[in-house]
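Computed from the coordinates by the stated procedures, all read-outs in this text should not be read as laboratory data. For clarity, every value in this text was computed on a predicted model and none was experimentally measured. Using ideal geometry, Cβ is built from the backbone for each residue, glycine included, and neighbour counts are taken over all protein chains shown.
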There are 2 protein chains.
Amino acid sequence: MSRAFNFSAGPAALPEAVLVRARDELLDWHGTGASIVELSHRGPEFMQVAADTEANLRTLLSIPDSHAVLFTAGGATTQQALMALNFATPGQAVDFVVSGHWSKVAMKQAAPYVDVRIAASSEAGGFRDVPSRDEWKLSPDAAYVHVTANETIHGVEFRDIPVVGNAPLFADFSSSIASGPLDVSKFGLIYAGAQKNLGPVGVGVVIVRRDLLERVGQPRANIFNYASQVASDSMLNTPPTWNWYLLGLNVKWMLGEGGVAEFARRSERKSNALYAAIDGSGGFYRNEVAANARSRMNVPFFLPDAELDARFVAESRAAGMIGLKGHKAVGGIRASLYNAVPVEAVDALVGFMRDFQQRHG
Amino acid sequence: MSRAFNFSAGPAALPEAVLVRARDELLDWHGTGASIVELSHRGPEFMQVAADTEANLRTLLSIPDSHAVLFTAGGATTQQALMALNFATPGQAVDFVVSGHWSKVAMKQAAPYVDVRIAASSEAGGFRDVPSRDEWKLSPDAAYVHVTANETIHGVEFRDIPVVGNAPLFADFSSSIASGPLDVSKFGLIYAGAQKNLGPVGVGVVIVRRDLLERVGQPRANIFNYASQVASDSMLNTPPTWNWYLLGLNVKWMLGEGGVAEFARRSERKSNALYAAIDGSGGFYRNEVAANARSRMNVPFFLPDAELDARFVAESRAAGMIGLKGHKAVGGIRASLYNAVPVEAVDALVGFMRDFQQRHG
């Protein structure tokens, strides 16, 4: 067995230690005689896994008691529809700050249910920056203000929490949650598909201020009701137990490595090294995102032409680096530097980039 | 490592061969240098897994080209809401045949969106039978007729496909799909959470007649739109790839074992043996479901009192049999006999029941 350096944007790399543990107990979880994926979600074994995972996630992210935590089936896109149904009245205004592809997806999912308002957008500039807070036009009657904390495709990230006034701030943290300290109390709702920093694909996390659960929202099935989900500890129906369990192993691993403060240091080191390699290449590699909005998680960059992009992907794969092909919406190369991606992977990538440029530059 | 006989109702037993395969390739899938759970759903590796899984599922279940197949995040409950949104106009009549707990859940999820009509119910008799077809009162204007093919809690199963006239028949097959031959063309929609016969928890399957996708339905987010999901091959957003992959391994295993015809034989043999043990116990074990509606998948039974029920669960666990505690809604014992439960497990259970009765009867 040989493990590659995996720069995939998601589903993404997991720590080898987490996978080894999951492998070793896949046929017999803690002497139960069954896999965790074969055990009832209502049995004492999985109930303990679920409770431990929530407790550890609360520790990792410093989630205050004012906020409930949900573990959801499906990813962030479903939540974008559900938050409109749960927290806005029919046709109520919702303010969206548009900083890339995923901000637009969030608007699209909410559009059938609310009055979608664009408070600010960096689209005219090709999503190379986040909209400056002093340019946002917020609605006085908005149900909430939505931001995408990190844009996985465009490689743009809010480095500070914007202050938004009365309406609660809702944020898609799918690709940057747990990458550094965060004051959760400043948010009405934080949501994230788990398949980047938190763990495996197939489960998501919603962190929601409890008082917001009293909002009436819009007519909806009970399975779409956040308050019902909170009341049933995310077990209104059978949850994705294996994915939840793997998320739990990954959260424990992050705590053991030193928590979000340590991952903030590693993220700075990894992303600084990669941006330095790009900026120091004399224009052979290009990333045009404004310096103060560059994502520490997803670094898209471009070679002089698409033929070289393709060659870069093929040669890096042969050198043991996978997942570097850019998203089809923008092309080029994309290196994702989530918590499970070790510093050595980035060092190897930077070395490969130097070598590639010498051969093809 | 020692594997127990697992009678859990779901999440449920998986074939040991499937788990061994998943374990052996968990850190390096087919020489890619990464786990399948770490690979992009849009990469060639997972796209092949997805395509193979659909092709094999179509073979296993003899799904005609007239029907599309979806692989969904989340389980059956979500689909109960989505089918109302996709196939009924606001407030349109939907006929429900109520044969147990899960039929009622289906009604509850649809209630905010449609005019829920009970075409027939066996609730007055304690859900010990399925409502006889000649007693159903169907609405001429119904969007669809909903049945629960197998009631996992009450242990009641439709042994034949009811003929329903003009409105398409929608059926929850969560706990009996792939347990025997089925004429899919007779259904407008079949849906199933995978965590029983199909494979692991965290993924579901929807089989839907393509012409129904042209129905306008009700205002809804794009992520809730079946037609959009079909058009994007179930990848409108990041799907639960690992669960989908494990489902694929399990479908291949079922084909290798002889397909649904073989599992129908095994299910008859297993359930006959267990019902014979119950009926031959002189009333010590009781199952009161009508003979022609007894489920081949889930066999609930009761001992003379709740204290003996609890002792049975504890002693059977000590004897290497797990997952036998009945659902809290009805109590008692429940043995689930899904495809991955071997005949030997049922033989062991029947032997244990005889022994337990001798000691406590």
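State, to one decimal in nm and shortest first, how far the label point of residue A:258 sits from each corresponding label point in the other identical copies (label point: 7 angstrom along Cα-to-Cβ).
Relative to the other copies, residue A:258 has label-point distances of 5.9 nm.
Mean Kyte-Doolittle of at least -1.0 plus a Cα span of 27 Å or more along the axis: flag which DSSP H helices in chain A meet both, please.
Helices meeting the span and hydropathy rule in chain A are A:259-279.
Hey, for residue A:135 with labels 7 Å out along Cα-Cβ, what do the inter-copy distances come to in nm, ordered shortest first?
Label-point separations across copies, in nm and ascending: 6.9.
How far is it, in nm, from the label point at residue A:211 to the one at residue B:255 when both lie 7 Å from their Cα along the line to the Cβ?
The two pseudo-label positions are separated by 5.7 nm.
Looking at this model, which pairs from A:186/A:270; B:270/B:328; B:196/B:252; B:186/B:252; A:196/A:252 are more than 18 angstrom apart at the alpha-carbon?
Beyond 18 Å: A:186/A:270; B:270/B:328; B:186/B:252.
So what's the gap between the Cα centers of the stretch A:181-242 and the stretch B:140-217, to the nearest angstrom?
First find each Cα centre; the distance between them is then 29 Å.
Provide the convex hull volume over Cα atoms per residue for the stretch A:16-256, in Å³.
Spread over its residues, the Cα hull of the stretch A:16-256 gives 118 Å³ apiece.
Helix-derived [θ] at 222 nm for chain B: sum -39500 (n - 2.57) over DSSP H runs of at least 4, divide by residue count, nearest 500?
Estimated from H runs of four or more residues: -11000 deg cm²/dmol.
Can you pull the mean other chain C-beta count within 10 Å for peptide B:200-212?
3
Need one value for A:72-81: mean number of C-beta atoms belonging to other chains within 10 Å of its residues' C-beta atoms.
6
What's the percent breakdown of Cα-Cα distances in the protein assembly as shown across 10 Å bins, shortest bin first?
Percent of pairs per bin, in order: 3, 15, 24, 25, 19, 10, 4, 1, 0.
Restricting to DSSP loop positions (anything but H, G, I, E, B) with no more than 12 other Cβ atoms inside 10 Å of their own Cβ, which trypsin sites (Lys or Arg not before Pro) remain in the stretch B:298-361?
Taking the stretch B:298-361 and a limit of 12 other Cβ atoms within 10 Å, the loop trypsin sites (Lys or Arg not before Pro) found are B:328.
If you count, for every residue in B:239-250, the Cβ atoms of partner chains within 10 Å of its Cβ, what is the mean?
Mean shielding by partner chains, rounded to a whole number: 4.
Computed FRET efficiency, Cβ-Cβ of residue B:310 and residue B:231, R0 45 Å: what is it to the nearest 0.05?
0.30
Taking the simple approach of a point 7 Å from Cα along Cα-to-Cβ for both residue A:133 and residue B:355, what is their distance in nm?
Reported label-point gap for residue A:133 and residue B:355 is 6.9 nm.
In chain B, if the dipole is taken from +1 on Lys/Arg beta carbons and -1 on Asp/Glu beta carbons about the Cα centre, which of B:169, B:5, B:125 is farthest to the positive end?
My answer, from the dipole projection, is B:125.
Which order do B:172, A:95, A:129, B:24 fall in if you start with the one that has the fewest other Cβ atoms within 10 Å?
B:24, A:129, A:95, B:172
Could you work out the equivalent-ellipsoid semi-axes for the stretch A:259-360, taking the square root of 5 times each eigenvalue of the Cα gyration tensor, largest first, in whole Å?
Ellipsoid semi-axes (Å, largest first): 21, 15, 13.
Applying 1/(1 + (r/R0)^6) with R0 = 45 Å to the Cβ-Cβ distance of residue A:47 and residue B:51, what FRET efficiency is obtained, to the nearest 0.05?
FRET efficiency, residue A:47 to residue B:51: 0.75.
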